[in-house]
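Engineer: First the structure, then my questions, so here it is.
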Amino acid sequence: MPSLAQKLSAALKSRDERLIRRRLPELPQIVTSRQSVIDFTSNDYLSLSRSPTLRRAVLGALSSAPDILGSGGSRLLVPAPAHAALEARLCHFFDAEAAILFNSGFDANVGLLSAVPQPGDVVVYDELIHASVHDGMRTSRLSRDSLVSFAHNSVPSLRHTIRRVLSHSEDVKSGKSSVFVVVESLYSMDGTFAPLSDLVDCVEEMLPLGNGYVIVDEAHATGVYGPKGRGLVAALGLEKRIFARLHTFGKSLAASGAVLLTTELVKDYLLNYARSFIYTTALTNASVIAAGCSFDMLEDGTTEVLAAHLTELSSYFVNRIRAHLRNIPPMLLRLPDYLEECSSSELQYGYQSQEARQESLWEADASKKSSRCDGRQPTKSARRSTRTSSQPFQIPSQIIPLLTAEPRSLSSFLLTFSPSEYSSVNTQHAPAAVAIYTKPIFPPTVPRETSRVRICLHAGHTREDVDILIQGIVAWAQRRIEDARRNGKEWNRMASDIGVRAWMESKL
């Protein structure tokens, strides 16, 4: 085997051995043969991909449009009136100075972060930021020392990080160089909301010369949150205080592509320097038309009803599953800390923690650390102490992670779950067998020791769907607990009959 093939095969084998090798998802035959399949995996949060209203609108718009096939090439080579019209429309809808379309949110983040930060600038980013931001930063003209993370959703950590940047850079302190702070409004793997108001206040306070710029990725909030689905920035009235906003079309909007909202100057700069915009064929005309139809549904208020149902369903799921998890060992299955700690009323209305308490806790921890600007993070206990300083939105979001060391086992069990086999399940309206489609998530997609099954709720789900999901989760946990008890009894019996050494040898 050639050397390259050996190296590639070895890398894949290593991932196989660690059970983290990625593969394209396929529904097994046992699933495709069943009548009932419930999807809790996709990002189709508003269920628009199955909306007959949207389908009719897209087909009608395509039938009357003069150009639908292809786009002709790069935006810089071929005039694209449909693209320009959508950009102008989105400027008005999102109350932005300028808008520029990208083929995906990934391309937009890479284009912005690779091009705009100048030598001497610093990028400060949330430790759980999306991979596309990392790729953009790595291809920028900044040194690795200029890329600094802060603890997830922690304003005190952000303040401490900016303070360290200021102590190490006279150019930042004098306003000659800039600091870009990059966050997501809703984090795709954890379902947590960024405390945007507090983050913006912190940046403006710490960088009073105006050389602090906040960038917000709204990919998972678009369509669901804010007035008519405009996102969390719009919900908080922060449009004029955010340097750039990213909204994607491929999740809640059931289309493809993305738009970056910023200033005319930045748009002009991206047209000249963002390689992910310049050197690629533009979105097809059909894609632009389809996205426009999705925005029609946002503007006419249709999706607000869907979003309200989704929010209610999220609280229903967490309240119900949390009650069951009280009887399940947390080492086997648990919710993340932020959902475990808040009460039922907080799940409905959100919560606020004490900024002063967080600040003192963070400073106490930070005083023990090196002053070097190396992006090192606080301990896990410190992170738990520095929770989000404010949570102005209803929690939980439609993204709920179930933390478990056995995500593949849980996901596989749910695919073949039969409600009728479990006496605790109300089977009056439940199907005899249902494929509950979920996805196990492993490192490096998520941090070490945080493997999970990520539940994505959709507006098309019903309470009955959620009840079946909960029943499947509980049934899996009960089976795993019983397996552990059975194995424990086997160990005790074998150890007493033949001795520990003989038992271990029999297993080797």
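Engineer: Scan LEU24, LEU19, LEU46 and give me the residue that is assigned to a loop (DSSP other than H, G, I, E, B), open to solvent by 80 Å² or more (accessible area, probe 1.4 Å) and in contact (Cβ under 8 Å) with a residue 60 or more places away in the chain.
Structural biologist: Sole residue among the options that is assigned to a loop (DSSP other than H, G, I, E, B), open to solvent by 80 Å² or more (accessible area, probe 1.4 Å) and in contact (Cβ under 8 Å) with a residue 60 or more places away in the chain: LEU19.
Engineer: Across the stretch 443-476, what is the number of residues that are in contact with a helix residue (DSSP H, G or I) (Cβ under 7 Å, 6 or more places away or on another chain), within 23 Å of PRO329 (Cβ to Cβ), in a loop (DSSP other than H, G, I, E, B) and in contact (Cβ under 8 Å) with a residue 60 or more places away in the chain?
Structural biologist: Going through the stretch 443-476 one residue at a time, the tally reaches 0.
Engineer: Return only the number of the condition from (1) within 15 Å of VAL214 (Cβ to Cβ); (2) open to solvent by 60 Å² or more (accessible area, probe 1.4 Å) that VAL155 does not satisfy.
Structural biologist: With (1) within 15 Å of VAL214 (Cβ to Cβ); (2) open to solvent by 60 Å² or more (accessible area, probe 1.4 Å) applied to VAL155, the lone miss is (2).
Engineer: Can you report the number of residues in the stretch 405-417 which are touching a helix residue (DSSP H, G or I) at 6+ places or on another chain (Cβ under 9 Å) and over 27 Å from SER252 (Cα atoms)?
Structural biologist: 5
Engineer: Name the residue, out of SER14, SER33, that is at pLDDT below 95 and open to solvent by less than 50 Å² (accessible area, probe 1.4 Å).
Structural biologist: SER14
Engineer: How many residues, within the stretch 125-169, are in contact with a Gly (Cβ under 9 Å, 6 or more places away or on another chain) and among the hydrophobic types (A, V, I, L, M, F, W, C)?
Structural biologist: The total comes to 5.
Engineer: Suppose we filter ARG454, ARG479, ARG463 for residues that are touching a Gly at 6+ places or on another chain (Cβ under 9 Å) and open to solvent by 10 Å² or more (accessible area, probe 1.4 Å); which single one remains?
Structural biologist: ARG454
Engineer: Hey, ILE436 hits all of (1) buried (at least 21 other Cβ atoms within 10 Å of the Cβ); (2) in a loop (DSSP other than H, G, I, E, B); (3) modelled with pLDDT under 95 but one; which does it fall short on?
Structural biologist: ILE436 satisfies all of (1) buried (at least 21 other Cβ atoms within 10 Å of the Cβ); (2) in a loop (DSSP other than H, G, I, E, B); (3) modelled with pLDDT under 95 except (2).
Engineer: Just need a number here: residues in the stretch 224-254 that are out of contact with any Phe, Trp or Tyr (no Cβ under 7 Å at 6 or more places or on another chain) and either part of a loop (DSSP other than H, G, I, E, B) or among the hydroxyl-bearing types (Ser, Thr, Tyr) (or both).
Structural biologist: Result for the stretch 224-254: 10.
Engineer: Being within 16 Å of the chain's Cα centre (by Cα) and either of a type in the set (Ser, Thr, Tyr) or open to solvent by less than 50 Å² (accessible area, probe 1.4 Å) (or both) is the requirement here; does ILE129 meet it?
Structural biologist: Yes, satisfied.
Engineer: Let me ask something else about it. State all residues of the stretch 162-176 that are open to solvent by less than 10 Å² (accessible area, probe 1.4 Å) and either small (Gly, Ala, Ser) or free of Cβ contacts under 8 Å to residues at least 60 places away in the same chain (or both); if no residue qualifies, say none.
Structural biologist: Hits for the stretch 162-176 are ILE162, VAL172.
Engineer: Same structure, new question: I'd like to know if the stretch 182-191 contains one or more residues that are free of Cβ contacts under 8 Å to residues at least 12 places away in the same chain and in the same structural domain as GLY120 (by the TED database).
Structural biologist: Within the stretch 182-191 (the criterion being free of Cβ contacts under 8 Å to residues at least 12 places away in the same chain and in the same structural domain as GLY120 (by the TED database)), the answer is no, since none of the residues qualifies.
Engineer: Still on this model: Please go through the stretch 56-103 and pick out each residue that is over 25 Å from ARG245 (Cβ atoms), open to solvent by less than 50 Å² (accessible area, probe 1.4 Å) and assigned to a loop (DSSP other than H, G, I, E, B).
Structural biologist: ALA65, GLY70, GLY73, VAL78
Engineer: State which residue is most open to solvent (accessible area, probe 1.4 Å) when the search covers only the stretch 114-126 and only residues that are of a type outside the set (S, T, N, Q) and either within 17 Å of ASP217 (Cβ to Cβ) or touching a Lys or Arg at 6+ places or on another chain (Cβ under 6 Å) (or both).
Structural biologist: PRO119
Engineer: Moving on. Quick one: is VAL259 of a type in the set (Val, Ile, Thr), open to solvent by less than 50 Å² (accessible area, probe 1.4 Å) and part of a loop (DSSP other than H, G, I, E, B)?
Structural biologist: The answer is no for VAL259.
Engineer: Check whether at least one residue in the stretch 90-104 is over 23 Å from SER252 (Cα atoms), in contact (Cβ under 8 Å) with a residue 40 or more places away in the chain and of a type in the set (A, V, I, L, M), and report yes or no.
Structural biologist: no
Engineer: Taking only the stretch 281-330 into account, find how many residues are open to solvent by less than 40 Å² (accessible area, probe 1.4 Å) and under 20 Å from LYS228 (Cα atoms).
Structural biologist: Within the stretch 281-330, residues that are open to solvent by less than 40 Å² (accessible area, probe 1.4 Å) and under 20 Å from LYS228 (Cα atoms) number 17.
The values are calculated or read from the model by the stated rules, or taken from the named source; none is laboratory data. Fair warning: this is a prediction, and the values are worked out from it, not measured in the lab. Here Cβ is always computed from backbone atoms with ideal geometry, including for glycine, and neighbour counts include all displayed protein chains. We work out accessible area using only protein heavy atoms, side chains counted, and drop any ligands, DNA or RNA first. Shrake-Rupley method; radii C 1.70, N 1.55, O 1.52, S 1.80 Å.
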